[in-house]
Amino acid sequence: MAQIAISNFDVVIIGGGVKGSAIARDAVGRGLRVLLCEQGDLGSSCVKNLARLGLEAFQAPKVCSLKEAREAVQEWSILRRISPHLAKARTNQEQSHWIKAILGRFRATQTAKVAPDVPLLTILSGHRFVMLNLRDAADRGAVILPRTQFQSAERRANRWFVSIRTGCDQIAEMLTSRILVDTTGGRSLPNGLLAGNAVSDAVISGTLAIVKTLGDDPNQVLEVREGTRFFSVPLETGCQLIGQLRDGPEAGRLADLTDQAKRLCGGELDLENLLWQGQTTIPSSGLAESPTRGGDDFHIHIQTDEGHLPLFQITGGTVSGARRLAEDTVAEMAPYANMIGKKWTGTTTLPGGDFQPNLRDTLVAQLQADYAFLSAQNVERLFDTYGTDCNRLLGDAKSEADLGQRFSEELYATEVRWLVQNEWARTAGDIVWRRTRLGQRMTGQQIRMLDLWLAGNSGSDGTQSPRM
């Protein structure tokens, strides 16, 4: 692990998912010294969103107030402005119809069965949102440490003393901080630190797989058998998300899911069709005593030691509400740290988002003209992933050969190097399932070839990613 330049921080954040990344960006932008550590890959916790996708399919639509609906529309407009390459409406007409339908129903009834935190016509990738928040935070001075385990924290001498450990079992020097923020629901905190304020143990466990479309009908399928909820939800590019959800901490076996694949999807699930598999747990409820802010179902619980050295626990929330969550969280830090500046994330674009949304098609056409050797599909994908950073990524390439080794029809060594150097990627899984969604279109052999290339070219033997 590279030596950390400083050891005294204002804020140490545990968890590099949607909540942690948004809080890190907001806090460092207000002048706080920030360190974020994540025990796995950055954004790896976004797998929970896949489990929630299946869970929400079994639930009744949420009833929300007119105020909450208006806040959702307002937040969608902000996301569209600061990350137009991610928060993209399919068409302006469709987006207008959605907003009018939502607000029209609320004017008539004051309540409606609508989830206020879901811009229905967007393409907003949770993983990309995490990466862009973290990149911006790092550019502003935050220290971002993936694959770094939080070990312990102790209040003494008016500071938190925090110990962290890298995946290589190298212990960093002791860090100190004024504020400790846990976004993992208490799962990464040692026993005793949360005495009297532990997060509810009630969880739902999910076993998930992304597969090539198995049957003729990829539409959503829901089924409950013996207390287990099975689901199949269509994804993009001819893929399906299939899963099973069970109450309690013990997840089901992938083999059980395989047995149900034919009934769910109309086809056999074998290794050739299996693109990705994973397991996760999600809380079945947040902290019971914490208030809900902004209708987005996130909770901020602050535990202090006689009014000092706070521990913030953040639970709940969604991708589309993460920016607001971060604003509220950082505002609550004011009594404990010397902050400069006010709210700012709603008017400052994320990396690659420095363009007007209505200019997207023009910029894509220009990118296609500049790199005519790329397919139209790849140009669209690159712009939707990196926005105006595409020109920095592709540089002065004049032909396909200038992009280096080809791993698939869309992925070249140039993009892989960009992700290693700028987005902390180390493995093929980091790249094809989190930084991009190319795993849905790559074969197992192509992904293994990428892993071998990374092992020989980008320090994936455990050394620190070039960007720390």
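The values are calculated or read from the model by the stated rules, or taken from the named source; none is laboratory data. Here the structure is a predicted model, which means the values were calculated and not measured. Because the Cβ atoms are built from the backbone with ideal geometry, glycine has one as well, and the counts that use them run over all protein chains shown.
Restricting to segment 141-189, and then to whatever is touching a His at 6+ places or on another chain (Cβ under 9 Å) and part of a strand (DSSP E or B), can you tell me which residue is modelled with the lowest pLDDT? Quick ask: steps written out before the conclusion?
Of the residues in segment 141-189, the ones touching a His at 6+ places or on another chain (Cβ under 9 Å) are 155, 158, 178.
Right, trim to part of a strand (DSSP E or B) and you get 155, 178.
Details: Arg155: 89, Arg178: 94.
Checking each candidate, the answer is Arg155.
Could you please give the count of residues in segment 382-398 that are within 22 Å of Trp433 (Cβ to Cβ), buried (at least 19 other Cβ atoms within 10 Å of the Cβ) and without any contact (Cβ under 8 Å) to a residue 60 or more places away in the chain?
Residues meeting the conditions: 3.
Is it true that Ala428 is farther than 21 Å from Val211 by Cβ and either buried (at least 17 other Cβ atoms within 10 Å of the Cβ) or at pLDDT below 95 (or both)?
So Ala428 fails the test.
Looking at (1) in contact with a Phe, Trp or Tyr (Cβ under 9 Å, 6 or more places away or on another chain); (2) under 28 Å from Ser21 (Cβ atoms); (3) charged (D, E, K, R), which is the only condition Asp384 fails?
So Asp384 meets the others, but not (1).
Between a residue in segment 25-40 that is small (Gly, Ala, Ser) and any residue that is in a strand (DSSP E or B) and crowded, with 22+ Cβ neighbours inside 10 Å, which pairs come within a Cβ distance under 7 Å, given they are 6 or more apart or on different chains?
Within 7 Å, the pairs are Ala27/Val11; Ala27/Val34.
Can you name the condition, by its number, that Arg434 falls short on among (1) surrounded by fewer than 22 Cβ atoms within 10 Å (Cβ to Cβ); (2) of a type outside the set (A, V, I, L, M, F, W, C); (3) in contact with a Gly (Cβ under 9 Å, 6 or more places away or on another chain)?
Only one criterion is unmet by Arg434, namely (1).
For segment 349-463, which fully contained helices (runs of 4 or more DSSP H) count at least 2 residues that are of a type in the set (Phe, Trp, Tyr), closer than 30 Å to Arg147 by Cα and outside the structural domain of Arg80 (by TED's automatic domain parsing)?
In segment 349-463, 376-386 are the helices (runs of 4 or more DSSP H) which contain 2 or more residues that are of a type in the set (Phe, Trp, Tyr), closer than 30 Å to Arg147 by Cα and outside the structural domain of Arg80 (by TED's automatic domain parsing).
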